Amino acid sequence: MKLVVIFGPHAVGKMTVGQALAAQTGLRLFHNHMTIDVVSDLFENMPGERSRLTQLFREEIFKAYAASGEYGMIFTFMWAFDQQSDWDYLQHVEELFKRHGAEVYYVELCADYDLRIERNKTENRLLHKPTKRDVVKSEALFRRLEEKYRLNSLPGEINKEHYLRIDNSALSPEEAAARIREAFGL
């Protein structure tokens, strides 16, 4: 079992690179909006319930998948490095998979802010992430969260055995996926 965690700020290409990596490796993609979008409309005015249910769904999916004997999963996540709860959450997910013998890989994507603003409007993103289809609202959230959190790591901050940082500003999703595949032997 393998778990590849692809993380980075808004619209950096986590899902799109994950799609390419899944196509190249046979790993299954579980992008973060697969759970977010399930509850967003129904619990729009109840952020606490929305968050609780998103976490509950993810936890149950992780438990079932980690024990499944499948080849592996790609999980995408926007990691706020200045929030201890995000560090704790990813450590929990890593431990859950490792209990079942999984190897865990971390891939950080980074790209230019203005490029990411443009990527926030791409057809693939809007197709797979219903909550991003209101582009004005999505961009406002993008800017607000970028100001509030630190969404890329500092040099040397991530001390994981299997860690790769990729600036994918000028790479296609397939090129970024190939770098991941080659770096980790997937």
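Being assigned to a helix (DSSP H, G or I) and either among the aromatic types (Phe, Trp, Tyr) or more than 25 Å from LEU154 (Cα to Cα) (or both) is the filter here; which residues of region 1-20 pass it? Outline the logic, then answer.
Restricting attention to region 1-20, the residues satisfying the condition of being assigned to a helix (DSSP H, G or I) are 14-20.
Hits for region 1-20 are GLN19, ALA20.
Taking region 1-11 as the region of interest, how many residues are farther than 18 Å from LEU171 by Cβ and either β-branched (Val, Ile, Thr) or at pLDDT below 90 (or both)?
Matching residues across region 1-11 total 1.
Out of everything in region 65-81 that is in contact with a His (Cβ under 7 Å, 6 or more places away or on another chain) and open to solvent by less than 10 Å² (accessible area, probe 1.4 Å), what residue ends up being nearest to PHE7 (Cα to Cα)?
If we take residues in region 65-81 being in contact with a His (Cβ under 7 Å, 6 or more places away or on another chain) and open to solvent by less than 10 Å² (accessible area, probe 1.4 Å), then THR76 is nearest to PHE7 (Cα to Cα).
Being closer than 18 Å to LEU27 by Cα, basic (Lys, Arg) and touching a residue at least 12 places away in the same chain (Cβ under 8 Å) narrows it down to one of ARG150, ARG179, ARG165, so name that one. Please lay out each step first, then the result.
Values: ARG150 fails: closer than 18 Å to LEU27 by Cα; ARG165 fails: closer than 18 Å to LEU27 by Cα.
That would be ARG179, the only listed residue that is closer than 18 Å to LEU27 by Cα, basic (Lys, Arg) and touching a residue at least 12 places away in the same chain (Cβ under 8 Å).
Please determine whether any residue of region 69-83 is free of Cβ contacts under 8 Å to residues at least 60 places away in the same chain and farther than 22 Å from THR16 by Cβ.
Applying the first criterion (free of Cβ contacts under 8 Å to residues at least 60 places away in the same chain) to region 69-83 yields none.
Scanning region 69-83, I find no residue that is free of Cβ contacts under 8 Å to residues at least 60 places away in the same chain and farther than 22 Å from THR16 by Cβ, so the answer is no.
So in region 67-100, with the set limited to residues that are of a type in the set (Gly, Ala, Ser) and more than 21 Å from ARG181 (Cβ to Cβ), which one is nearest to the chain's Cα centre (by Cα)?
If we filter region 67-100 for residues that are of a type in the set (Gly, Ala, Ser), which is where we start, we get 67-69, 72, 80, 85.
Restricting the remaining residues to those that are more than 21 Å from ARG181 (Cβ to Cβ) gives 67-69, 80, 85.
Working: ALA67: 21, SER68: 21, GLY69: 22, ALA80: 12, SER85: 16 Å.
Going through the qualifying residues, I end up with ALA80.
From (1) under 18 Å from TYR106 (Cβ atoms); (2) among the charged types (D, E, K, R); (3) open to solvent by 70 Å² or more (accessible area, probe 1.4 Å), pick out the condition that doesn't hold for ARG58.
Single failed check for ARG58: (3).
Name the residue that is modelled with the lowest pLDDT, counting only residues in region 12-41 that are over 18 Å from MET78 (Cα atoms), open to solvent by 30 Å² or more (accessible area, probe 1.4 Å) and in contact with a helix residue (DSSP H, G or I) (Cβ under 9 Å, 6 or more places away or on another chain).
Among those residues, the one meeting the criterion is ASP41.
For region 138-180: of the residues being in a helix (DSSP H, G or I) and either among the aromatic types (Phe, Trp, Tyr) or open to solvent by 70 Å² or more (accessible area, probe 1.4 Å) (or both), which is nearest to MET1 (Cα to Cα)? Quick ask: steps written out before the conclusion?
Going through region 138-180, the residues in a helix (DSSP H, G or I) turn out to be 138-148, 173-180.
If we keep only those that are either among the aromatic types (Phe, Trp, Tyr) or open to solvent by 70 Å² or more (accessible area, probe 1.4 Å) (or both) too, we end up with 142-144, 147-148, 174-175, 179.
Numbers: PHE142: 33, ARG143: 36, ARG144: 37, GLU147: 37, LYS148: 35, GLU174: 22, GLU175: 24, ARG179: 20 Å.
Once the filter is applied, the top-ranked residue is ARG179.
Mind telling me which of the residues GLU44, GLU49, GLU94 ends up being open to solvent by 40 Å² or more (accessible area, probe 1.4 Å) and part of a helix (DSSP H, G or I)?
Criteria check complete, one pass: GLU49.
Identify the single condition in (1) in contact (Cβ under 8 Å) with a residue 40 or more places away in the chain; (2) open to solvent by 70 Å² or more (accessible area, probe 1.4 Å) that ALA111 does not satisfy, given that it satisfies every other one.
Unmet condition: (2).
The values are calculated or read from the model by the stated rules, or taken from the named source; none is laboratory data. Everything numeric in this text was worked out from a predicted model, so none of it was measured. Counting neighbours? That spans all protein chains shown, and the Cβs are built from the backbone with ideal geometry, glycine included. When the accessible area is computed, the model is the full protein with side chains, heavy atoms only, and any ligands, DNA or RNA have been set aside. Shrake-Rupley method; radii C 1.70, N 1.55, O 1.52, S 1.80 Å.
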